[in-house]
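Report on the structure given below.
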Ligand SMILES: Cc1ncc(C[n+]2csc(CCOP(=O)(O)OP(=O)(O)O)c2C)c(N)n1
């Protein structure tokens, strides 16, 4: 089962490797990892997607808590409705001439934004759930999708 | 008056009550060594950093205090890694200071630069790079707090040379602010109550405790629990001394080279109460077949230890000492333990029978080859288990664990989790420095002894009267045993017959050497060696092919022990 963990960390020396190293050292998988500042300049937020059965996720959560630089860990899956979960992606498409309109249509359906255009290609920006980005990727693939960058999901707890 | 970072370092150590540093100098720590000299701070010069770390470790294990080590940047720190990892595996409180190149050179591949924080991260409880002298005192305070609180462990503080050289005023903070690091000491009341009920309903209970009892200073409580309930009790390699070694309800050590009765008792029990232990694979053997019919209660201060290897029915996160006190208080409220004793009497009788089937025993013939078990048994009898014993790693370590029944905690000093050869002799130096009035014995094999042989110099220089017991079988005995058992006796790279003359070596290093080939000689040199005032190397020439039993073959269920050569 896939879990999105939101990990608040103190900005100590090497804090990212403390988190990432725990995963590699203990043989856990990281699907995606996103680090960003928070409102507190001494604290960062790591959003991390990992997988495993309940026992593994429990061990991962405990091991994260054990890292001295880790302030808090929340597992979105424990309370999926309690979280807003978004990911951003940029997709570069090189459509055939006759497919340029189709690219624009797909982008519109997914509320994408064309952030670059030239005579051969588009860069489409889109944000939303992972499923949505996956779906859009599949639709653009036959239209000449050549490059994809994703932020990995960001999660935020609703309310307090 | 302003001081420099190095002065602040020394003042901070004084404020922490540090008695001695084990270390080795180099360019990046020159300011610090200068301050050590100016302040006359006690420092013991090891002859290789890993050994220096083992000394600080032996100091910590034999006292319960935090051990302190100091090494230079680059190779100093990389040498120290083995010592840090050794302490980390066994949760030993230590603070290790490493020098670092000046901050403006970090990242430029400068001379003796290494990423100390990166190198030590996976083998330390926490680590710091101090970038500003203003943070130095507070960082040191935090490091000592983290090293010794919760589940203890080594903490590394990396100090760039410009930081130790920078001027600033010393003031030691009164407290620290780590709001998110709050180890849980007290056990959950409801869980303790449930644990008690489960325990008192058991017909075949076993107590299984580990190093947590020693680390939390809970041996009094642990002993009181055994005394009160008379439950058969076993312990891990790290738990030795947690209850008096000759306690009538002690089953001895469990696990790969544990006693027959301990492993069988754990296999057949209905309630297994784990206390400050972590179900290591050397304890459980084949995990799916480990104590399958028992309910499990588990106390540990580290939540990650609970449910990691074995499913737990009643988890209790908390400090062992605290939790046992809570449990004992509840038990004392209950009525008489006599009913419970009756309830478990058949079980205790059964466990006693197992001991008669396969006791830990040996037969030393007067004219036969000298047995290592005989030597260790003699040492136990001579010291009554009241001396500090450090060991190296291998067969001798397991025999020592089987025969040396330490009467108190902090007497048994061994590298359990990492199994670090080369640990025993330097650890004994640290222990003897910490406990100058006690007898300190280092039991070593001829393999591991050579790994840090240079520290004999330190021993002689410091005049610490360690009694070295070298069990010389001229082979990497434990590896030989595995090759015999699991590789059709094909010996590969284990022969140590090319070795120095240890008596000449003792003389060269300036310590007393004594050698025994027979049981009578062994008894004699033990007598002389213990009576001798100063460091002594007692060499016992034993047979090459002796195996250590019982033995649970790796990956086998722990109840399936080999008990003898046949
Ligand atoms: C640093 C290190 N290297 C290798 C090993 C693997 N090892 C475990 S026991 C052992 C043999 C030890 O031989 P010796 O010191 O002679 O003791 P004995 O087993 O003969 O008592 C070896 C090589 C280890 N534990 N530590």
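Every read-out reported here was derived from the displayed coordinates using simple, explicitly stated rules and does not represent laboratory data. Treat the numbers as computed from the prediction; the structure is a model and nothing was measured. Heads up, the Cβs are rebuilt from the backbone with ideal geometry, glycines too, and the neighbour counts pull from every protein chain shown.
Just want to confirm a number: the relative contact order over chain B, from Cα pairs under 8 angstrom separated by 6+ residues, in percent.
Values: 1291 pairs, mean separation 80.9, N = 566.
Normalised by residue count, the contact order of chain B is 14 percent.
Modelled spin labels at residue B:382 and residue B:172, positioned 7 Å past Cα toward Cβ, are 4.1 nm from each other. Panel order for A:107, B:164, by other beta carbons found within 10 Å of each beta carbon, from fewest to most: A:107, B:164.
One equal scatterer on each Cα of the protein assembly as shown, no solvent, Debye formula: the resulting log10 I(q)/I(0) at q = 0.06, 0.07 Å⁻¹ is -0.43, -0.57.
Taking 0.36 nm per residue of separation and subtracting the Cα-Cα distance, full extension of the segment from residue B:363 to residue B:531 would add 57.8 nm.
The stretch B:226-240 and the stretch B:326-374 have Cα centres lying 9 Å from one another.
Prolate is the label for the stretch A:84-157. Its Cα gyration tensor axes, ordered a ≥ b ≥ c, give a/c of at least 1.5 and a/b above b/c.
Helical content alone sets the calculated 222 nm signal of the protein assembly as shown at -11000 deg cm²/dmol, taking -39,500 (n - 2.57) per DSSP H segment of four or more residues and averaging over every residue.
Using alpha carbon coordinates only, what is the Rg to Rh ratio of chain B, with Rh defined as the Kirkwood radius? Could the numbers behind the result be given before it?
Working: Rg = 24.2 Å, Rh = 24.6 Å.
Over the Cα atoms of chain B, Rg/Rh equals 0.99.
Counts of other chain beta carbons within 10 angstrom of each beta carbon in peptide B:269-279 average 0. For chain A, the longest principal axis of the alpha carbon atoms and the long axis of helix A:130-140 meet at an angle near 30°. The C-alpha atoms of the stretch B:107-204 occupy a region whose extents along the principal axes are 65, 32, 17 Å, arranged from largest to smallest.
Suppose R0 equals 51 Å. What FRET efficiency, 1/(1 + (r/R0)^6) with r the Cβ-Cβ distance, do residue A:40 and residue B:482 give to the nearest 0.05? Display every interim value, and only then the final one.
Working: r = 54 Å, r/R0 = 1.05.
Given R0 = 51 Å and the Cβ-Cβ separation, E is 0.45.
Separation of the stretch B:460-479 from the stretch A:83-160 is 68 Å, based on Cα centroids. Peptide A:21-31 has a mean shielding of 1, counted as Cβ atoms of other protein chains within 10 Å of each residue's Cβ. The label-point distance for residue B:286 and residue B:227, in a model that sets each label 7 Å from Cα toward Cβ, rounds to 4.1 nm. Eigen-decomposition of the gyration tensor built on the alpha-carbon atoms of chain A gives equivalent ellipsoid semi-axes of 35, 16, 15 angstrom, largest listed first. Relative contact order of the stretch B:189-357: 28 percent, from C-alpha pairs under 8 Å at least 6 residues apart in sequence.
For the stretch B:70-146, rounded, prolate or oblate, judged on the Cα gyration tensor with a ≥ b ≥ c (square roots of eigenvalues), a/c < 1.5 rounded, else prolate if a/b > b/c? Oblate is the answer for the stretch B:70-146, as a/c is 1.5 or above yet b/c matches or exceeds a/b.
Take every Cα pair under 8 Å in the stretch A:92-160 that's 6+ residues apart, average their separations, divide by the length, and report that relative contact order as a whole percent. Working shown, then result.
Working: 72 pairs, mean separation 27.8, N = 69.
Relative contact order for the stretch A:92-160 comes out at 40 percent.
Both numbers refer to the Cα atoms of the stretch A:2-78; Rg and Dmax are 11.5, 34 Å.
Each label point was placed 7 Å from the Cα along the Cα-to-Cβ direction; for residue A:132 and residue A:88 their separation is 1.4 nm.
Taking every DSSP beta bridge that has both ends in the protein assembly as shown, the antiparallel portion is near 40%.
Please find the FRET efficiency linking residue A:2 to residue B:105, where r is the Cβ-Cβ separation and R0 is fixed at 51 Å, and quote it to the nearest 0.05. Mind dumping the intermediate values first?
Values: r = 43 Å, r/R0 = 0.85.
Result of the calculation: an efficiency of 0.70.
For the pair residue A:31 and residue B:437, what calculated FRET efficiency results from E = 1/(1 + (r/R0)^6), where r is the Cβ-Cβ distance and R0 = 51 Å, to the nearest 0.05? Don't jump to the answer; show the numbers that get you there.
On the way: r = 58 Å, r/R0 = 1.14.
So, using R0 = 51 Å, E works out to roughly 0.30.
By the beta-carbon count within 10 Å of each Cβ, the least crowded to most crowded order of B:168, B:59, B:88, fewest first, is B:168, B:88, B:59.
Please check which bits of the stretch B:249-275 a label hung off residue B:350 would reach, taking the label as a point 7 Å along Cα-to-C-beta and the cut-off as backbone N under 16 Å. Inside the label zone: B:261-273.
Using only alpha carbons, build the gyration tensor for the stretch B:372-541 and give me the equivalent ellipsoid semi-axes, biggest first, whole Å. Display every interim value, and only then the final one.
Values: eigenvalues 112, 64, 51 Å².
Sorted largest first and rounded, they come to 24, 18, 16 Å.
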